[in-house]
Amino acid sequence: MKTFTKGLSIALLLGMGFSAHAQKHVHGEGELLIAQQGNVLQMQFIIPAADALGFEHQAANSSDKNAINVLAQQLKNSSQAIDIKGQCILQSTENSLAHSHSELDEHDEHDHHNVEATYNFNCKTPVVGFSVTLFNLMPSLNALNVQWISNTGQGSTEATRNNPIINWQS
């Protein structure tokens, strides 16, 4: 199933005409990419590190390293990011924080960094929407630019702290 979801992600990114690395970097704004085919649902969040962690620089002290470790643990629980309307079972999750210590070492201190978190679900019923709970975890995150390809079509919208609900229906 992992190969299928990677293929689904690639199709989503190419079909929508962008890649995660080419996204603009605006503090307070993130991206959410969604692909759904049949019972498989994949979501990828791309959030500026300044909003996710409170800093973008190399982890300079134990407090910074602790913030990375705490967030990595929190992102393993999909309910910290989303509340899905549908009967879905989390199959796997990945985030970029496991590599943060070494990746941040390689970049200039003025580079902008993102935190990425991907969730793969198997859903018993079609998903027609969900609520973004990530805003509760990241107080400086104000908006997500959302793009999706689902069983019922494709589209885009913006989810905000005040309106975190995303819906698509046939």
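The values are calculated or read from the model by the stated rules, or taken from the named source; none is laboratory data. Everything numeric here is computed off the predicted structure, so don't read it as measured data. Counting neighbours? That spans all protein chains shown, and the Cβs are built from the backbone with ideal geometry, glycine included. Please note that ligands, DNA and RNA were not included when accessible areas were found on the heavy atoms of the full protein model with its side chains. Shrake-Rupley method; radii C 1.70, N 1.55, O 1.52, S 1.80 Å.
Some points to look at:
- Whichever residue in region 122-131 is assigned to a strand (DSSP E or B) and over 14 Å from the mean Cα position of the chain (by Cα) and, among such residues, is modelled with the lowest pLDDT: Gly129
- Hits in region 141-162 - residues which are under 18 Å from Phe121 (Cα atoms) and open to solvent by 80 Å² or more (accessible area, probe 1.4 Å): Asn151
- When region 81-121 is filtered for residues that are at pLDDT 70 or above and either among the β-branched types (Val, Ile, Thr) or closer than 17 Å to Lys65 by Cβ (or both), the ones remaining, listed by number, are Ile82, Ile84, Ile89, Thr93, Asn95, Ser96, Leu97, Ala98, His113, Val115, Thr118.
- Region 70-89, residues that are within 17 Å of Leu32 (Cα to Cα), open to solvent by 40 Å² or more (accessible area, probe 1.4 Å) and assigned to a strand (DSSP E or B): Asp83
- Single residue of region 13-54 satisfying the filter (modelled with pLDDT under 50 and of a type in the set (A, V, I, L, M)) that is surrounded by the most Cβ atoms within 10 Å (Cβ to Cβ): Leu13
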